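Here the structure comes first, spelled out in structure tokens, and everything after it is commentary.
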Number of protein chains: 2
Amino acid sequence: MSTEFSFDILQRAGDSRARRGRLRTPHGVVETPAFIFCATKAAIKGLTMGQMREAQAEIVLSNTYHLMIQPGADVVEALGGLQAMTGWNGPMLTDSGGFQIFSMGHGSIADEIKGRRTPPGQSKGGNGGRATTLLKIEESGATFRSYLDGRKLTLTPEESVRIQKKLGADLVVQLDECTPFHVDRDYTRKSMLLSQRWGDRSLAEFARLNGDGRQAMYGIVQGGTFEDLRRDSAAWTRDRDFFGTAIGGTLGGNKAQMEEVVAWTMPHIHPDRPVHLLGIGGIRDIFMGVALGIDTFDCVSPTRIARHGWGLVEGAPGERINLRNAGFKADPGPLDPRCDCYACRTASRGYVHHLLKAGEMLGAQLVSIHNVATMTRLLREVRAAIETGTLGEARRRWVADERASEEAA
Amino acid sequence: MSTEFSFDILQRAGDSRARRGRLRTPHGVVETPAFIFCATKAAIKGLTMGQMREAQAEIVLSNTYHLMIQPGADVVEALGGLQAMTGWNGPMLTDSGGFQIFSMGHGSIADEIKGRRTPPGQSKGGNGGRATTLLKIEESGATFRSYLDGRKLTLTPEESVRIQKKLGADLVVQLDECTPFHVDRDYTRKSMLLSQRWGDRSLAEFARLNGDGRQAMYGIVQGGTFEDLRRDSAAWTRDRDFFGTAIGGTLGGNKAQMEEVVAWTMPHIHPDRPVHLLGIGGIRDIFMGVALGIDTFDCVSPTRIARHGWGLVEGAPGERINLRNAGFKADPGPLDPRCDCYACRTASRGYVHHLLKAGEMLGAQLVSIHNVATMTRLLREVRAAIETGTLGEARRRWVADERASEEAA
């Protein structure tokens, strides 16, 4: 492993598996636990990278699947790689492309993983929708149609690694088949084993290409909602030369099952490597994951919910408020009085309400700025709480419906 | 007139009517010639007010018509007035509401004024379209339907002044009937006289309300494309107690006629007051107007063309480049090498091309930032050129098709 990367566990909580860490990459240091913001198509929706820095974001990710289709990995490389192209110039992660191929391909997996229940075949087609574009899964890789122009594309583990090399993120991920929720144990097991073979091929190609040590690779734990499969998959990643561990695939249909699946997995992964929980980013979920030893999280939700007018608010029921509600029409207060982001310093709830109702893009921009800043503040407070042994207090401060949720769990 | 406002002419060009001025308002100083950016619904499309400051904008305007409908003047007042509500906290202007009532009402006037030729009756309805919502024009005022909910609303000169008082901009404008292009001399004359009577009523209500001296009012010169009417209307504003003069209504069907109309008007207005040219903001147009003595300009174009992928570039044919063009796909250069705005410092033409093609809102945001910064740089260079007597050189640098346009004129 290159000396350009390291992960140090600085401190452990006394009463949980929570840990305070420091992840070094060629493009900078990430203090963990950390939130990774999604720049899916090499852009955060609604914020410039300058605004991301101002909101104290530490690390962003982009999606191989989207970028291989548009503008293409060669174009990204010609423009200097993701960090230079986007102007972020900080730590970045790319996924392998697998998740989107399978979720957009099956038309229902993403919904299932996220607990939505759109029946297969009823999903929308077209760009940005969930057209059933997956053509076949073979031992060699996955073949699918470009959502952009219908081109037939094949993504193999080797090609995913080569594309991610051109994209140039610090942290890259092995190709896996993202197993859906509705399949049985036998399919989940076969899928997990395919992901393991793809993982070994990803690692081999990565070793061949990464002579300069500018990238580090995460293995992915699959195994669905089956305890033995999660254990086997975790052990498989532990016994391979990955830099980090990512927990992927379905985490079940509710928060209790998600916690259970993560809890099954954690004892069997490599204890000294950074652990990423893929696609999870609710505030309560983060407290859950941190307590189980998760180091990094990612989710599109902070900017996605912002575009629908939802602002994250510390301690609010459901973690957020809907700024489109008429009750905010003349509210002179900030989105969250505990927040000192640009939006909270300069805009009132009433102004944001007006912008959202008037269809002004600035409304989504301001709420997005606030939600990003709120997530970075949450993670700073989580890190401080681990250091001072006050994670429970932080959780009670941030999660208003804590008691109800614990009873439900 | 309040001592909170002043306009000083610091220097005059030797070879034209161009002048370098300083406009003081309760919310700050505007160095002129200046460009006023349009925050139509109390938001610049795509930029936060912080980004407007970073792009060195000096003054913005909002539209009374849009704000009286949504969120309503009382809500803006409750949220502290436009400067506080938007977080701009700098000099602002509001128009009277007249332009939108008549342009959106007739369904074709805005197009005609701007030289587009959509025949009446073929315009689109719906929000943001040009529904024929104007119900009647009477001596008392204009009655129209809200584009939002169909409510019947009447705007009188007095009501426009009262609404603008609640909105709280520094510079306000009398109510006028914005005379269309296609009408004859007789209609234009009658319309001008109605605007004059409305102007006197606007001034009277303004005198009644403006005891605190926190606002200053502009009179509007109408008169269409008729030299004698423009002269009469200019003299009318000169002989009234307005703080500034705005040139409104149709300026003809081409740039030569626009120049002619402004040239007819300028000798007859009050020579010591700031002069605003309503709705004009092309680069060549600004050089034209400055040479005739215009002090401020406004136009939605910098951010509107940005949303369609057009970036303003010094000296480019047509003043701009279309970043959606495939030729920019892998172009590593900045939008304009002469520009040091956030977008040009951090993003390449290739990246912006990708963002626009991928439908990422950040594409429009970056081009908007650039276009705003380009307009403020243009005006800084115009001011410096007046001071050094080099306006002609600045014009040749910025307007590539200068010779062709002069020949056409």
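What follows draws every value from the coordinates through simple rules; no lab data is involved. Predicted model only: the values in this text are computed from it and were never measured. Glycine gets a Cβ as well: all are built from the backbone with ideal geometry, and neighbour counts include every protein chain shown.
Averaged over residues, the count of other Cβ atoms within 10 Å places the peptides B:47-53, A:388-394 in the sequence B:47-53, A:388-394, highest first. Please give the helix B:283-292 orientation as an angle from the longest Cα principal axis of chain B, in degrees from 0 to 90, rounded to the nearest 10. Here the helix axis deviates by roughly 50 degrees. Counting, for every residue in A:76-84, the Cβ atoms of other protein chains within 10 Å of its Cβ and taking the mean gives 3. Starting from the alpha-carbon convex hull of chain A, give the projected area averaged over all orientations, in nm². Average projection, Cα convex hull of chain A: 18.8 nm². Largest mean-square fluctuation among B:L93, B:L79, B:L229, in a Gaussian network model of chain B whose springs join Cα atoms under 10 Å apart, belongs to B:L79. Computed about its Cα centre, the charge dipole of the range B:307-401 is approximately 160 debye, with only Lys, Arg, Asp and Glu carrying charge at their Cβ. Computed over chain A with a Gaussian network model linking Cα atoms closer than 10 Å, the most mobile of A:F37, A:F328, A:F99 is A:F328.
Can you tell me what share of the DSSP beta bridges in the range A:6-299 is antiparallel? A percent to the nearest 5 is fine. Taking every DSSP beta bridge within the range A:6-299, about 45 percent pair in antiparallel fashion.
In this Cβ point-charge picture (+1 for Lys and Arg, -1 for Asp and Glu), the range A:297-349 has a dipole of about 260 debye about its Cα centre.
Our helix-only sum for the protein assembly as shown, with -39,500 (n - 2.57) per DSSP H run of n ≥ 4 divided by its residues, gives a mean residue ellipticity at 222 nm of -12000 deg cm²/dmol. Computed extension length for A:Q56-A:V183: 41.7 nm, one decimal, from 0.36 nm per residue of separation with the Cα-Cα distance subtracted. Averaged over peptide A:39-51, the number of partner chain Cβ atoms lying within 10 Å of each residue's Cβ comes to 5. Toward the positive end of the charge dipole of the range B:276-402, with +1 on the Cβ of Lys and Arg and -1 on the Cβ of Asp and Glu, the farthest Cα among B:M288, B:M361, B:I386 is that of B:M361.
Here, the range A:4-67 yields an orientationally averaged convex hull projection of 5.7 nm² when only Cα atoms define the hull. If both residues of a DSSP beta bridge must be in the range B:210-336, then about 25% of such bridges are antiparallel. In chain A, the beta carbon lying closest to the axis that superposes A onto B belongs to the residue given here with its whole-angstrom distance, A:M361, 3. The listed peptides B:295-301, A:218-224, ordered by packing as a protection proxy, come out as A:218-224, B:295-301 (highest mean of other Cβ atoms within 10 Å first).
Across A:P157, A:P180, A:P332, mean-square fluctuation computed from a Gaussian network of chain A (C-alpha pairs under 10 Å connected) peaks at A:P332. With its label point put 7 Å out from Cα toward Cβ, A:V183 sits 7.1 nm from the same residue's point in the other copies, in order from shortest.
Peptide B:348-361 has a mean shielding of 6, counted as Cβ atoms of other protein chains within 10 Å of each residue's Cβ. Sorted shortest first, the separations between the B:R396 label point and its copies elsewhere in the assembly read 7.7 nm; each point sits 7 Å from Cα along the Cα-to-Cβ line. Between this copy and the others, label points of B:K136 are 7.5 nm apart in ascending order, each placed 7 angstrom from Cα in the Cβ direction. Among the trypsin sites (Lys or Arg not before Pro) found in the range B:131-214, those both in a DSSP coil and sparsely packed, with 13 or fewer other Cβ atoms within 10 Å of their Cβ, are B:R151.
Which log10 I(q)/I(0) values, to two decimals, does the range A:195-237 give at q = 0.16, 0.26, 0.27 Å⁻¹ under the Debye formula with one point per Cα? Here log10 of I(q) over I(0) equals -0.48, -0.86, -0.90.
With the convex hull constructed from alpha-carbon coordinates only, the range B:307-401 shows a mean projected area of 5.7 nm² over all directions. Given +1 at the Cβ of Lys and Arg, -1 at the Cβ of Asp and Glu and no other charges, the dipole of the range B:1-71 around its Cα centre is 140 debye to the nearest 20.
Annotation: the protein assembly as shown has a Kirkwood hydrodynamic radius of 28.9 angstrom, from the mean reciprocal C-alpha pair distance.
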